[in-house]
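Notes follow once the structure below has been shown.
Every read-out reported here was derived from the displayed coordinates using simple, explicitly stated rules and does not represent laboratory data. The structure displayed is predicted, hence computed values, not measured ones. Cβ: placed from backbone, ideal geometry, glycine included. Neighbour counts: every protein chain shown.
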Amino acid sequence: MKSDHDTINKTLEENLKKALTELLVLFLLSRREYYIGELTNAISARSSGALTVVFPYAAIYRMTRGGYIAESGKRAAPDGRLRQYYKITEEGRTYLEGLLSTYHRFSRAVDDILREGGRQDAR
């Protein structure tokens, strides 16, 4: 039987993954073109398995509709199968810069809070 802590941890993990998926996909696409399955494998491999994106399609379609990524054509993947590749757009690069800025600001703030020697409450 799952404890409340397990449920809370799983919920936090899922929410963090959802929040970071666009940032991670755009970051990888800023380096080179990928097909969807390759993106999910790259995220898992680069995070040593800590981050997995099981269903990236919603994020891919949302970013395509938003103009942040675009199809770059079908071509043979390393496995020889024909795959749809995606690339980041200039609008996507601008969006990625904003996401990275927000991510770094928030992660520094969380680190500050979690470190006991961090910033003190202003009173």
**Request:** On a 0 to 90° scale, report how tilted helix 36-46 is relative to the longest principal axis of the chain, with both axes built from alpha carbons and the result rounded to the nearest 10.
**Result:** 40 degrees
**Cα-centre dipole for the chain with unit charges at Cβ (Lys and Arg positive, Asp and Glu negative), debye to 20** = 340 debye
**Fill in**
Under a Gaussian network model of the chain whose springs join Cα atoms within less than 10 Å, the largest fluctuation of Y103, Y35, Y68 belongs to Y103
**Request:** Give me the angle, in degrees from 0 to 90, between the Cα long axis of helix 90-114 and the longest principal axis of the Cα atoms of the chain, rounded to the nearest 10.
**Result:** 20 degrees
**Prompt:** Could you list, bin by bin from short to long, the percent of Cα-Cα pairs of region 11-67 in 5 Å steps?
**Reply:** 4, 19, 34, 28, 11, 4, 0
**Prompt:** With the calculation restricted to Cα positions, what are the radius of gyration and Dmax of the chain in angstrom?
**Reply:** 17.5, 64
**Asked** Amide H to amide H under 5 Å from I69: which residues, 5+ apart in sequence or cross-chain, H placed 1.01 Å off N in plane?
**Response** T64, T89
